[in-house]
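Trainee: Structure below; questions to follow.
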Amino acid sequence: MDDGRPFTMLFDDATLRAHDTHDRTCVKSVIAAQLRDLRPNLFHRRLLDLDVRHILTTNYDYALEQASDDRPRDISHHAKKYSLFRRRVVAKMSIWHIHGEINTPRSLVLGYDQYMGQVQRMRLFLKGFYHGKKSPFTSGIREFESGKSLYSWCDVFLRDDVHILGLGLSYSELDLWWMLYYKARLKRRGVNVGRTVFYNIRTEPAVTPELKSIRTLDVEVVEVDAQSGYDAAWESLLQQLRTAI
């Protein structure tokens, strides 16, 4: 029942009623099973045609990978529950399911407990050591793909120009808000980080609290008018994206 609480809180409430970890994993397995039938559409294929090395997605499904003719290759390090280093390589592109993926239901980030666990590991890797490893980007290594250093989606997020599309950026997504803050903080310290651009797809003018917040974090906002329908809006967005990257 939707009682106005964010899904993250509803999930944590449900898991409090569970008797053990097995019950919580079963809930995640049911959600993963329901997402297995999702299939790619034209816009998934168009996204894969862009000249980019990395795609970060909060989606759990494999619609992006299925839009490619190439078979994905899994790369996983210390990724039984958290997805700091897990990615799937399609051709020469890495797809990072930063909130988990359906083949590993335990990895699905659904409640505040796991969001906080994710942020904890992100901070350890970027500002200290995690499993004995330290972020190559914050260690001064920019071309970390060509070396033997273990790198994460966080390194990509900080170094590269990040274009955020199709995402509402709910305040419950604590890991993403912390990354936006940390990237802005590094920039103001003089570190060479990439731009962050948020594409706001809207049917009518509105300034949400989230939009106000991201502007204070050095995020550029591009308005995408969806009054003529979301397909037309996505066509416009992809054209702008091709010019920008």
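The values are calculated or read from the model by the stated rules, or taken from the named source; none is laboratory data. Not measured: the values here are computed from a predicted model. Glycine gets a Cβ as well: all are built from the backbone with ideal geometry, and neighbour counts include every protein chain shown. For the accessible areas, the whole protein counts, side chains as well, though only heavy atoms, and no ligand, DNA or RNA atoms are used. Shrake-Rupley method; radii C 1.70, N 1.55, O 1.52, S 1.80 Å.
Trainee: So what's the gap between the Cα centers of the range 187-239 and the range 40-78, to the nearest angstrom?
Mentor: Cα centres, the range 187-239 to the range 40-78: 22 Å.
Trainee: Follow-up question, since we're still on this one. Sort out the exposed loop trypsin sites (Lys or Arg not before Pro) in the chain (DSSP loop, at most 13 other Cβ within 10 Å) and tell me the longest stretch that has none.
Mentor: Between the exposed loop sites, the longest stretch runs 190-245.
Trainee: Based on the alpha-carbon gyration tensor of the range 9-91 and its eigenvalue square roots a ≥ b ≥ c, which shape applies: rounded if a/c is under 1.5, prolate if not and a/b is larger than b/c, or oblate?
Mentor: Since a/c reaches 1.5 and a/b is larger than b/c, the shape of the range 9-91 is classed as prolate.
Trainee: Please say if the chain is rounded, prolate or oblate, where rounded means a/c under 1.5 for a ≥ b ≥ c the square roots of the C-alpha gyration tensor eigenvalues, and otherwise the choice is prolate for a/b larger than b/c and oblate otherwise?
Mentor: It comes out rounded by the Cα gyration axes.
Trainee: Averaged per residue, what accessible surface does the chain expose to a 1.4 Å probe, in Å²?
Mentor: Working: 13290 Å² over 245 residues.
Per residue, the chain has an accessible area of 54 Å².
Trainee: Which of the three applies to the range 18-161, rounded, prolate or oblate, going by the alpha-carbon gyration tensor with a ≥ b ≥ c and a/c under 1.5 meaning rounded?
Mentor: It comes out oblate by the Cα gyration axes.
Trainee: Rounded to the nearest 0.05, what FRET efficiency do ARG36 and SER76 have when you use their Cβ-Cβ distance and R0 = 25 Å?
Mentor: Between ARG36 and SER76 the formula returns 0.80.
Trainee: If the elastic network links every pair of Cα atoms under 10 Å, which of SER213, SER139, SER228 fluctuates the most in the Gaussian network model of the chain?
Mentor: Fluctuation is largest for SER228.
Trainee: Still on this structure: Place +1 on the Cβ of every Lys and Arg and -1 on the Cβ of every Asp and Glu in the chain, take the dipole about the Cα centre, and give the residue among PHE157, THR8, SER170 whose Cα lies farthest towards its positive end.
Mentor: So the residue furthest toward the plus end is PHE157.
Trainee: List, in the order given, every pair from LYS127/LYS187; LYS28/LYS133; LYS134/LYS187 whose Cα-Cα distance in the structure shown is over 24 Å.
Mentor: Details: LYS127/LYS187 15 Å; LYS28/LYS133 29 Å; LYS134/LYS187 20 Å.
Going by Cα-Cα distance, LYS28/LYS133 fall outside the 24 Å limit.
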